[in-house]
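S.K.: My questions all concern the structure below.
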Amino acid sequence: MALEIIRIDYENPQHAADLVEMLDSYACDPMGGGKPLNDNTRDNLASGLAKQPNAFSLIAYVDGSAAGLANCFIGYSTFAAKPLINIHDIVVKAEYRGQGIAKTIFAEIEAIAKAQDACKVTLEVLSGNEPAKALYASLGYGDYALDPAKGHALFWQKELAA
């Protein structure tokens, strides 16, 4: 297996197509909602990310085929007064799981975070996604809590009308 992790060039048509393919495979997975991406997202994903100066994406190729993806954003920790990296999406296609691809993607994200002098890497995971939680825990990730007696952080959202 020849594994290559590259940083996506959102302007590169092949990279853009692979980005959409990989995110669509995630969207179709039960952990991604179980529905394919809509046409608007397909048509605007790469160009929209290209407009975000704090965005970067990594794609894993196995023997030349897109196998994994991470979409990340550079944020800022006010408590540490340093950058942070948030992994917004991470996916490995089902047929490539269990081969260490996600671990390799995480290692590249962490190398980028260190190069940015980031204080941490964050991510969100569904509480019922036991395989992902096991992977993340094995890599040193865990609940965020300032004071365990006050509980751990929750990820909330409010969708806005289009």
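The values are calculated or read from the model by the stated rules, or taken from the named source; none is laboratory data. Just so you know, these numbers come straight off a predicted model, no measurement behind them. All Cβ positions, even for glycine, are placed from backbone atoms using ideal geometry, and neighbour counts span all protein chains on display.
S.K.: Would you please list the contacts, defined by Cβ atoms under 6 Å and residues six or more apart or on different chains, that run from a residue in the stretch 57-78 that is more than 13 Å from Ile112 (Cα to Cα) and of a type in the set (Phe, Trp, Tyr) to a residue that is in a strand (DSSP E or B) and at pLDDT 95 or above?
M.R.: Going by the 6 Å Cβ cut-off, the qualifying pairs are Tyr61/Glu4; Tyr76/Pro83.
S.K.: Among the numbered criteria (1) surrounded by 15 or more Cβ atoms within 10 Å (Cβ to Cβ); (2) of a type in the set (A, V, I, L, M); (3) part of a loop (DSSP other than H, G, I, E, B), which one does Leu146 miss?
M.R.: (1)
S.K.: Could you please let me know if Leu123 is free of Cβ contacts under 8 Å to residues at least 40 places away in the same chain and out of contact with any strand residue (DSSP E or B) (no Cβ under 9 Å at 6 or more places or on another chain)?
M.R.: no
S.K.: On to the next question. Collect the residues in the stretch 96-120 that are farther than 25 Å from Val62 by Cα and free of Cβ contacts under 8 Å to residues at least 12 places away in the same chain, keeping them in residue-number order.
M.R.: Selection gives Lys114, Ala115.
S.K.: I've got another one for you. How many residues, within the stretch 107-143, are within 17 Å of Gly75 (Cα to Cα) and loosely packed, with under 10 Cβ neighbours inside 10 Å?
M.R.: Residues meeting the conditions: 2.
S.K.: Okay, moving on. Mind counting the residues in the stretch 15-29 that are over 12 Å from Asn44 (Cβ atoms), over 13 Å from the mean Cα position of the chain (by Cα) and among the small types (Gly, Ala, Ser)?
M.R.: 2
S.K.: Now for a different question. Are any of the residues in the stretch 36-46 of a type in the set (Val, Ile, Thr) and buried (at least 18 other Cβ atoms within 10 Å of the Cβ)?
M.R.: no
S.K.: Also: How many residues does the stretch 6-20 hold that are touching a residue at least 40 places away in the same chain (Cβ under 8 Å), touching a helix residue (DSSP H, G or I) at 6+ places or on another chain (Cβ under 7 Å) and in a helix (DSSP H, G or I)?
M.R.: Of the residues in that region, 1 qualify.
S.K.: Would you tally the residues in the stretch 50-84 being of a type outside the set (A, V, I, L, M, F, W, C), out of contact with any strand residue (DSSP E or B) (no Cβ under 9 Å at 6 or more places or on another chain) and assigned to a loop (DSSP other than H, G, I, E, B)?
M.R.: 2
S.K.: What are the residues in the stretch 85-106 that are in a strand (DSSP E or B) and buried (at least 19 other Cβ atoms within 10 Å of the Cβ), if any?
M.R.: Scanning the stretch 85-106 gives Ile85, Ile87, Ile90, Val91, Val92.
S.K.: Looking at the stretch 36-49 only, could you name the residues that are assigned to a loop (DSSP other than H, G, I, E, B) and aliphatic (A, V, I, L, M)?
M.R.: Residue satisfying the conditions is Leu37 alone.
S.K.: Report yes if Ala113 is modelled with pLDDT of 95 or more and assigned to a strand (DSSP E or B), otherwise no.
M.R.: Working: modelled with pLDDT of 95 or more: yes; assigned to a strand (DSSP E or B): no.
Against the criterion (modelled with pLDDT of 95 or more and assigned to a strand (DSSP E or B)), Ala113 does not qualify.
S.K.: Looking at the stretch 21-35, I want the residues that are assigned to a helix (DSSP H, G or I) and have a partner that is surrounded by 16 or more Cβ atoms within 10 Å (Cβ to Cβ) and charged (D, E, K, R) with Cβ atoms under 7 Å, at least 6 apart or on another chain. Which pairs are those?
M.R.: Leu23/Asp89; Ser25/Lys93; Tyr26/Asp89
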